[in-house]
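Working notes, structure below.
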Amino acid sequence: MDARIGTDGPLLRPQAGRLLSLRLRASDAAALEPLAPGLAQLAQLDIGRQRSVIWSGEPLLWLRLGPDEWWCWWAQGRQAQPLMQSVAQTLQGIFHACVDLSDGQQALLLAAPARPLLRLGCDLDFERLPGDLATRTRLASFPVVLAATADQGMLLWVEASLSLSLQQWLRRAAVAVSE
């Protein structure tokens, strides 16, 4: 269900999709290159970055959330198991853990302009952050993962059980921004 929040605020839309968490040593990130070209280069950058790649015709969004933590998200379509198997084959012999988080996390798309609204509940300085931002933070009292979109929107992941409460908070905050 799409919802315009506030009077002329950004569009908030839950996003169906799949989400994997991948843990591996930072020094082993180059082994991901055959699976997702460009991730080895991303591993050389600061934590909190993202990269879009195509895997078997499917667009994937890889988020580097920590030195040893990656999330991979994609919209509807392919199930998680084929990608998990490809990760296992690619990283064979390398210590790693790959877990499907899809049932425990809800993705929300907050269309542009998202940053003024997010500033109400988050102390990140969005103006100084890179355009390919991907990070963990708190939004109001909700632990979230944020990833900037190309059009100045924001993808948010929140625990599924908190999703409706966060959406309600965003709607109330949008009214405050519009006043």
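The values are calculated or read from the model by the stated rules, or taken from the named source; none is laboratory data. Since this is a predicted model, take the numbers as computed values, not measurements. Here Cβ is always computed from backbone atoms with ideal geometry, including for glycine, and neighbour counts include all displayed protein chains.
What to note about this one:
- In the stretch 75-96 there is no residue that is closer than 27 Å to A29 by Cβ, within 15 Å of the chain's Cα centre (by Cα) and not hydrophobic (A, V, I, L, M, F, W, C).
- Residues of the stretch 68-87 satisfying the condition of being out of contact with any Gly (no Cβ under 8 Å at 6 or more places or on another chain) and surrounded by 12 or more Cβ atoms within 10 Å (Cβ to Cβ): D68, E69, W70, W71, C72, R78, A80, P82, L83, M84, S86, V87
- Subset tally (residues that are modelled with pLDDT of 90 or more and either among the hydrophobic types (A, V, I, L, M, F, W, C) or in a strand (DSSP E or B) (or both)) for the stretch 155-179: 11
- Test: residue in the stretch 28-41 that is surrounded by 15 or more Cβ atoms within 10 Å (Cβ to Cβ), closer than 27 Å to E127 by Cα, at pLDDT below 80 and in contact with a Phe, Trp or Tyr (Cβ under 7 Å, 6 or more places away or on another chain): yes
- Residue in the stretch 119-165 that is surrounded by the most Cβ atoms within 10 Å (Cβ to Cβ), counting only those that are within 18 Å of G48 (Cβ to Cβ) and among the acidic types (D, E): D132
Let's see how each residue does on (1) modelled with pLDDT under 90; (2) within 27 Å of T137 (Cα to Cα); (3) part of a strand (DSSP E or B):
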| site | (1), (2), (3) |
| --- | --- |
| L65 | yes, yes, yes |
| W71 | no, yes, yes |
| Q81 | no, no, no |
| S86 | no, no, no |
| A97 | no, yes, yes |
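- Test for A75: is it modelled with pLDDT of 85 or more, outside the structural domain of D151 (by TED's automatic domain parsing) and either farther than 23 Å from L139 by Cβ or touching a Leu at 6+ places or on another chain (Cβ under 8 Å) (or both): no
- Exactly one residue among L19, L42, L61 is in contact with a strand residue (DSSP E or B) (Cβ under 8 Å, 6 or more places away or on another chain), assigned to a helix (DSSP H, G or I) and of a type in the set (A, V, I, L, M, F, W, C), and that residue is L42.
- Count - residues of the stretch 14-27 that are modelled with pLDDT under 85 and within 18 Å of the chain's Cα centre (by Cα): 0
- Residues in the stretch 126-143 that are closer than 18 Å to V177 by Cβ and in contact with a Lys or Arg (Cβ under 9 Å, 6 or more places away or on another chain): F126, E127.
- Number of residues in the stretch 103-118 that are crowded, with 17+ Cβ neighbours inside 10 Å and in a loop (DSSP other than H, G, I, E, B) equals 2.
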